[in-house]
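K.L.:
Take a look at the following structure, please.
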Amino acid sequence: MTDLVYLNGEYLPLADAKVSVLDRGFLFGDGVYEVIPAYAGKLFRLEDHIQRLNNSLSGIRLSLPHSVADWQAIFAPMLDSSKDQYIYLQVTRGYAAKRDHGFPEQVVPTVFAMCSEIKPFAGRITGIKCITLDDIRWQMCNVKAITLLGNILLRQEALDQDCAEALLVKDGLVVEGAASNVFAVIDGVLLTPPKSHQILPGITRDVILELALAHQVPCQEAAISLDSIKTASEIWVTSSTREIVPVIELDGAAVGSGKPGPVWQQLDQLLQAYKQSLS
Ligand code: PDD
């Protein structure tokens with residue numbers, strides 16, 4: 001089942017799923033996407049992911065009136081209850097007869113979804129190294145746009161320096177990772193930057209804040225300066241596919257004890273228990 005992908009109303013083997021080279025997703029990166037985890041066949045926080053998709057769609061002035069139930073029905077045939085997987089969903093402004101920056105008069109979005117296994121990320125247990133880099137991205141980072149050139153160049157710069165992720169700095173503040181949100185424990189308080197057009201409103205981020213609040217972990221949505229993150233006892237990056245990943249080295253210096261810290265351990269356990277409780 002899982003080798004089938006969804007394209008514009010049909011389920012096809014991946015090799016048979018084709019779109020035109022005139023698709024605006026290919027020509028302009030004119031589209032948005034979602035990454036939705038599914039544990040043991042159950043989609044995690046589907047409503048929240050679809051709400052974010054709808055925000056992204058309205059952010060790029062593209063309308064696609066699918067309900068949560070419609071999306072659930074589209075994804076269901078690709079899910080396998082014996083695995084942890086994620087749905088990759090991409091919606092573009094579709095095919096246009098000629099390449100023109102302005103929107104076509106008749107827009108028929110291209111809707112593509114595929115399902116892949118979530119492979120455990122070793123860095124979640126061991127911790128990872130990160131570097132800080134200037135955030136070179138655009139001003140609508142709250143939109144989950146398929147146009148990811150900034151993000152991929154930044155991630156690659158980190159990989160080239162033997163680091164797993166880049167923490168992005170804008171006007172002296174650490175905003176998020178190249179493909180993750182950022183948390184830091186500073187003076188015993190768990191901090192993460194507030195939602196704004198400078199970051200993607202991560203679903204994992206929301207879950208962590210809810211769990212911290214429910215379990216009396218002192219936490220706050222607040223700006224984190226580059227200077228202050230250097231004093232953090234713990235730093236984490238979070239995302240749907242890697243969950244909560246401790247950062248043990250930043251710009252070549254150990255973070256805290258240089259090992260995953262106790263607040264990470266607590267929130268990681270709470271997240272695993274929360275996932276279990278849903279299946
Ligand atoms: N990316 N910020 C950015 C820039 C991201 O690309 C992601 C996730 C996040 C975390 O969001 P969430 O918790 O909803 O996954 C934050 C996905 C996983 C990707 O592009 O593959």
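Per-residue answers, yes or no, for (1) farther than 27 Å from residue 101 by Cα; (2) touching a helix residue (DSSP H, G or I) at 6+ places or on another chain (Cβ under 9 Å); (3) among the polar types (S, T, N, Q):
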{"position": "13", "(1), (2), (3)": "yes, no, no"}
{"position": "17", "(1), (2), (3)": "no, no, no"}
{"position": "27", "(1), (2), (3)": "no, no, no"}
{"position": "34", "(1), (2), (3)": "no, yes, no"}
{"position": "39", "(1), (2), (3)": "yes, yes, no"}
{"position": "48", "(1), (2), (3)": "yes, yes, no"}
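K.L.:
Among the residues of the stretch 41-54, which ones are under 14 Å from residue 275 (Cβ atoms) and either acidic (Asp, Glu) or surrounded by fewer than 16 Cβ atoms within 10 Å (Cβ to Cβ) (or both)?
P.N.:
Within the stretch 41-54, 41, 42 meet the criteria.
K.L.:
Moving on. When the stretch 128-185 is examined, which residues are found to be out of contact with any Ser or Thr (no Cβ under 6 Å at 6 or more places or on another chain) and among the polar types (S, T, N, Q)?
P.N.:
Hits for the stretch 128-185 are 132, 139, 142, 147, 151, 156, 161.
K.L.:
So which strands (runs of 3 or more DSSP E) stay within the stretch 60-149 end to end and still have 2 or more residues that are open to solvent by less than 50 Å² (accessible area, probe 1.4 Å) and in the same structural domain as residue 33 (by TED's automatic domain parsing)?
P.N.:
In the stretch 60-149, the matching strands (runs of 3 or more DSSP E) lie at 84-92, 110-117.
Conditions tested, residue by residue: (1) open to solvent by 10 Å² or more (accessible area, probe 1.4 Å); (2) within 15 Å of the ligand (Cβ to nearest atom).
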{"site": "183", "(1), (2)": "no, yes"}
{"site": "191", "(1), (2)": "yes, no"}
{"site": "210", "(1), (2)": "yes, yes"}
{"site": "222", "(1), (2)": "yes, no"}
{"site": "225", "(1), (2)": "yes, no"}
{"site": "233", "(1), (2)": "yes, no"}
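The values are calculated or read from the model by the stated rules, or taken from the named source; none is laboratory data. These numbers come from a predicted model, not from an experiment. For neighbour counting, all protein chains shown are included, and Cβ atoms are generated from backbone atoms with ideal geometry for every residue, glycine included. Remember, those area values only see protein heavy atoms, side chains included, never the ligands or the DNA or RNA. Shrake-Rupley method; radii C 1.70, N 1.55, O 1.52, S 1.80 Å.
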